[in-house]
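Take a look at this one; I'll ask things after.
Each value in this text was obtained by applying a stated rule to the coordinates, not by laboratory testing. Predicted, not measured: the structure shown is a model, and the values here were computed from it. Here the Cβ positions follow ideal geometry from the backbone for every residue, glycine too, while neighbour counts run over all protein chains shown.
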Amino acid sequence: MAIREELRSLADRMNAKPEPISSLYAVYQFNIGDAAPIQVAFDNAKVKVLDEATESADCTLTLSEKNFRKLLADDLNATMAFMTGSLKIDGKLGLALKLQEVLKQY
């Protein structure tokens, strides 16, 4: 499954059970390998995958496709990945940690 479709599927699960994202107000941008950036917006207990990277991102995560899939599957320790350089974070580091906590619940 393509990354964008995986994110849309995850967004559907989150929107069906919005309690864990109810306090999350942020735009995340994912720079994955050479692919075009993907943005995901959380607002008012809803999440949507944006078709184009048009928003100002609060937190940008740059990583390989392999590590992105691990992040989605909760098989990547974001802190260790950041410390070893396999995950780069621009913007609010706290939002990256919050995202990892949210992903664990889905």
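Place a +1 charge on the Cβ of each Lys and Arg in the stretch 3-104 and a -1 charge on the Cβ of each Asp and Glu, then give the dipole magnitude about the Cα centre in debye, rounded to the nearest 20.
Dipole about the Cα centre, nearest 20: 240 debye.
Here's a follow-up. Set the Förster distance to 30 Å, then compute FRET efficiency between Thr84 and Glu55 from the Cβ-Cβ distance, nearest 0.05.
0.55
Summing Lys, Arg as +1 and Asp, Glu as -1, what charge do residues with Cβ under 10 Å from the Cβ of Ala57 carry, Ala57 excluded?
-2
Further question: Which of the aspartates and glutamates could be linked to Lys66 by a straight reach, that is with a Cα gap under 15 Å, when you skip same-chain ones fewer than 8 residues away?
Those aspartates and glutamates meeting the cut-off are Glu6, Asp34, Asp74, Asp75.
Oh, and also: What is the Cα convex hull volume of the chain when expressed per residue in Å³?
91
Using only alpha carbon pairs under 8 Å that are at least six residues apart, calculate the relative contact order of the chain and give it in whole percent.
24
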